[in-house]
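Below is one structure, written out as structure tokens; comments come after it.
The values are calculated or read from the model by the stated rules, or taken from the named source; none is laboratory data. Computed from a predicted structure; not experimentally measured. Here Cβ is always computed from backbone atoms with ideal geometry, including for glycine, and neighbour counts include all displayed protein chains. Ligands, DNA and RNA are excluded from the accessible area calculation, which covers all protein heavy atoms including side chains. Shrake-Rupley method; radii C 1.70, N 1.55, O 1.52, S 1.80 Å.
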Amino acid sequence: MSFENIYLDNNATTMTAPEVLEAMLPFLSEKYGNPSSMYSFGGAMQKDLEQAREKVAELLNCHPTEVVYTSCGSESDNFALRGLVDAYPEKRHIITTKVEHPAIKNQAPYFRKKGLRVTEISVDRKGALNLDELRAAIDHETLLISCMYANNETGVIFPVEQIGHIAHEHGVFFHTDAVQAVGKIPLDMQNLPVDLLSFSGHKFHTPKGIGGLYIRRGTKIRPFIIGGHQERSRRGGTENMPYIVAMGRAAEFAARNLEEENGRVRRLRDKLEQGILTKIEHTEINGDPENRVPNTSNIGIHFIEGEALLLALDKHHIAASTGSACASGSLQPSHVLRAMGIPFTSVHGSVRFSLSVFNTEEEIDYVLDVLPGIVEQLRELSPFQSMEDVEAFGI
Ligand code: PLP
């Protein structure tokens, strides 16, 4: 059997769901008015704008006015952190973690340049956050804790509820980057102690170019994009109607598919993972096997180069990743796996498979058919084929 494209890189981006594309198309052609206009050709679109917001709010179980549209997850992350820092200039300390996405992690140098302190909390071998270290890091200058909901490379879920309570007990804001959680697991903002939450449409089946920030009612925050009065003066810029409508429809699609995501998709992920662990020697799961989003598997395959494996998989039309898209491009070993203390022999050979509701059992069977042979060939070429080899090279 052969396939045109077995797409197992859904944490990087997802296919646009056909119904999402269909919903947005009129707004790319005949429905081109500006929702702020007085005349009905534009103004009538306010209704579409707000309907989409209601759908997103339903997915998050929050009030629609708490949802602000942005252009992507990275903008939401920048908005959350910079917006709070600008609103509370007297507070000079931010706490985050060593395993955040670059959209959070790479803001640290900017804040340090402005004279703020940034503390990054460590994780253990399974990717779990050190909560004692987190508590000890909070002081009278701490403005906010920013910790991701689910890690993009391993899928590990963080104890968001616990972290939120710790933050609020100390009068500290809590932001969570939920870009890898929204659409994969149920979220309930009415019962989560979270002030700000980032998400991104293209991780749950919209095209790239739309995201959002949940802002709990009453949270003081400065706009990141300063302009007109759109989004209740929280984000300037004429609304991106086609993509906003797309995200509304994608939120409905995600809500409808949450059960399948946690049922069929989880079973396919587990089948793939168990197949790899039993068919290929010297392999292990990176992260906490129990506490993960249902679509993600990060597997350490000792004694191979992850990039070589990706190229070989590509020849079979299988798309996977060695970690975050940015880390794949840079050939630097992933900062997430390094923070977890994954050994040298597998950190370079770690591969992330991330599934979606569009994957099938036949695809997983095909991957399990071809992968063992590919790994065997690569290991034959590798200078390191066992721990003894590694020790002989003095590494
Ligand atoms: N945060 C996390 C955890 C992510 O995985 C990503 C994208 O991979 C982002 C933020 C950035 O989202 P976007 O690509 O929409 O800017």
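To keep it simple, each residue is scored yes or no on (1) farther than 17 Å from T154 by Cβ; (2) in a loop (DSSP other than H, G, I, E, B); (3) touching a helix residue (DSSP H, G or I) at 6+ places or on another chain (Cβ under 6 Å).
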site	(1), (2), (3)
V245	yes, no, yes
R256	yes, no, no
R264	yes, no, no
K271	yes, no, yes
L277	no, no, no
P289	no, yes, no
S297	no, no, yes
E307	yes, no, no
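Per the conditions (1) in contact with a His (Cβ under 7 Å, 6 or more places away or on another chain); (2) β-branched (V, I, T); (3) open to solvent by less than 20 Å² (accessible area, probe 1.4 Å), the sole criterion not satisfied by V156 is (1). Just one of the listed residues (D124, D139) is under 16 Å from K98 (Cα atoms) and more than 15 Å from the chain's Cα centre (by Cα), and it is D124. Mind listing just one residue for me: the one in region 26-50 that is among the small types (G, A, S) and assigned to a helix (DSSP H, G or I) and, of those, most open to solvent (accessible area, probe 1.4 Å)? Among residues in region 26-50 that are among the small types (G, A, S) and assigned to a helix (DSSP H, G or I), the one most open to solvent (accessible area, probe 1.4 Å) is S40. Look at (1) closer than 29 Å to R256 by Cβ; (2) part of a helix (DSSP H, G or I) and you find that Y69 fails only one, number (2). The one condition from (1) open to solvent by 10 Å² or more (accessible area, probe 1.4 Å); (2) touching a Phe, Trp or Tyr at 6+ places or on another chain (Cβ under 6 Å) that L143 does not meet is (1).
Per the conditions (1) open to solvent by less than 20 Å² (accessible area, probe 1.4 Å); (2) in contact with a Pro (Cβ under 6 Å, 6 or more places away or on another chain), the sole criterion not satisfied by C62 is (2). Of all residues in region 240-280, those satisfying the criterion of being of a type in the set (K, R) and closer than 16 Å to S297 by Cβ are R264, R266, R267, R269, K271, K279. Could you grab me the full set of residues in region 1-25 that are within 16 Å of the ligand (Cβ to nearest atom) and open to solvent by 20 Å² or more (accessible area, probe 1.4 Å)? Within region 1-25, Y7, D9, A12, T13, M15, T16 qualify. Listed by first and then second residue, the pairs linking a residue in region 220-241 that is farther than 25 Å from T206 by Cα and free of Cβ contacts under 8 Å to residues at least 12 places away in the same chain to a residue that is in a loop (DSSP other than H, G, I, E, B) and not hydrophobic (A, V, I, L, M, F, W, C), with Cβ atoms under 6 Å apart and 6 or more places separating them unless they lie on different chains, are I226/G236; G227/G236; G227/G237.
Kindly check whether there is at least one residue in region 350-369 that is among the hydrophobic types (A, V, I, L, M, F, W, C) and modelled with pLDDT under 85. Checked against the condition, which is being among the hydrophobic types (A, V, I, L, M, F, W, C) and modelled with pLDDT under 85, region 350-369 yields no hits at all.
For region 197-211, which residues satisfy the criterion of being in a loop (DSSP other than H, G, I, E, B), within 9 Å of the ligand (Cβ to nearest atom) and open to solvent by 10 Å² or more (accessible area, probe 1.4 Å)? Across region 197-211, the qualifying residues are K208, G209.
Checked against (1) hydrophobic (A, V, I, L, M, F, W, C); (2) open to solvent by 20 Å² or more (accessible area, probe 1.4 Å); (3) part of a loop (DSSP other than H, G, I, E, B), I342 passes all but a single condition, namely (2). Look at region 149-196 and say how many of its residues are in contact with a Lys or Arg (Cβ under 8 Å, 6 or more places away or on another chain) and either within 11 Å of the ligand (Cβ to nearest atom) or under 18 Å from S356 (Cα atoms) (or both). Total satisfying the criteria: 10. Would region 107-114 turn up any residue that is within 16 Å of the ligand (Cβ to nearest atom), open to solvent by less than 50 Å² (accessible area, probe 1.4 Å) and at negative phi? Within region 107-114, one or more residues are within 16 Å of the ligand (Cβ to nearest atom), open to solvent by less than 50 Å² (accessible area, probe 1.4 Å) and at negative phi.
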